[in-house]
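Written below as structure tokens is the structure these notes are about.
The values are calculated or read from the model by the stated rules, or taken from the named source; none is laboratory data. Remember, it's a predicted structure, so these values are computed and weren't measured experimentally. Cβ placement follows ideal geometry from the backbone for every residue including glycine, while neighbour counts extend to all protein chains displayed. Accessible surface areas use protein heavy atoms only, side chains included; no ligands, DNA or RNA. Shrake-Rupley method; radii C 1.70, N 1.55, O 1.52, S 1.80 Å.
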Amino acid sequence: MTEPQSDTFEADVLAGLSAMPKTLLSKHLYDEEGSRLFEEITGLEEYYPTRTELGLLTTAASEIAAYISPGATLVEFGSGASTKTRLILDAAPQVAVYVPVDISEEALAAAAASINADYPKLVVAPLAGDFTQALELPAQAQGRPRTGFFPGSTIGNFEHADAVAFMASARRLLRSGAQFVVGVDLVKDEGVLVRAYDDARGVTAAFNLNLLTRMNRELEADFDLQAFRHCAVWNGEESRIEMHLVSLRDQTVHVAGRAFGFAEGETIHTENSHKFTKEGFERLAGEAGWRTLRCWISPEPAFAVFLLAAD
Ligand code: AVJ
């Protein structure tokens, strides 16, 4: 296990605010309130990825299930709300062991309890840890064929090299013969993308600004929430939506006893959400030893579910 998140939170924040340009790791958006706000985002009209991926998985579930071996272990990277997992489990009753992997013990316990209650014959063996690090599966999962599941286009939060490294470590963990189901958001009209990350009701703005509230509470910071605004921009060169917090004036902010100056218009870069082409994602997965068995793509706004194989 890694140390509690709060220790790394302070170190990450101090390093990020000292950097030029200022930046904060997007994983820190997900404290209790941040996780609640993200769940709210997934229900927004403008935020198409969640419902679109659910639609694709509903269509694809029985075909995916046909590739999963009897007695298999299903490994899920990041255990959010388990709606998507259930689509796979319902279609593939041959799955014997379910391993949710998450950094948050709380999220893991919740995911395990909710799946346990509804799938009494399934062995649930949670794995607490950072899924970007080398991991070993729990004993119950050993000696079984493996299928990985990584929905939500969370792959889009990584820089290219980190995305390849993650796919390669998943390849090592899942072994030859494995399948990997990955949800991937695709490049599309810029207006559609920006609205998905800057919704009319301001839920995404609240999600982003919550990072300031979290620093105020946990790191004795004195951010004035009226002095920053949420901003979502499309960076075409990098093929990604970026979230920033923009300083509305020249100001000095204190965090954990240190002072940080902001110029008017200066930003803290809080998240990247890369958008892929089908070919671009296949190239990335290929670099990590995965080939495409099947790919389902929705009508616009386009989202993809890939079924990959490790030879
Ligand atoms: C959960 C990381 C996939 O990037 O679309 C939603 C997070 N950020 N709105 C995404 C998010 C702003 C989401 N991921």
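For region 283-311, name all the residues that are of a type in the set (D, E, K, R) and in contact (Cβ under 8 Å) with a residue 24 or more places away in the chain.
Those that are of a type in the set (D, E, K, R) and in contact (Cβ under 8 Å) with a residue 24 or more places away in the chain: Glu287, Arg294, Glu300, Asp311.
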A careful count of residues in region 22-59 that are among the basic types (Lys, Arg) and within 12 Å of the ligand (Cβ to nearest atom) gives 1
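Per-residue answers, yes or no, for (1) open to solvent by less than 60 Å² (accessible area, probe 1.4 Å); (2) within 30 Å of Thr292 (Cα to Cα):
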| position | (1), (2) |
| --- | --- |
| Leu17 | yes, no |
| Leu25 | no, no |
| Arg36 | no, no |
| Glu40 | no, no |
| Leu54 | yes, yes |
| Thr83 | no, yes |
| Val95 | yes, yes |
| Ser114 | yes, no |
Looking at region 131-154, which of the residues that are in contact with an Asp or Glu (Cβ under 9 Å, 6 or more places away or on another chain) and within 16 Å of the ligand (Cβ to nearest atom) is most open to solvent (accessible area, probe 1.4 Å)?
Thr132
Would it be correct to say that Glu10 is acidic (Asp, Glu) and away from the ligand (no atom under 16 Å from the Cβ)?
yes
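Mind checking whether some residue in region 235-258 is open to solvent by less than 10 Å² (accessible area, probe 1.4 Å) and more than 21 Å from Leu14 (Cα to Cα)? So that I can check it myself, show each step before the final result.
We begin by selecting, within region 235-258, every residue open to solvent by less than 10 Å² (accessible area, probe 1.4 Å); these are 241, 243, 245, 247, 253, 255.
Adding the requirement that they be more than 21 Å from Leu14 (Cα to Cα) leaves 241.
Checking region 235-258: at least one residue is open to solvent by less than 10 Å² (accessible area, probe 1.4 Å) and more than 21 Å from Leu14 (Cα to Cα).
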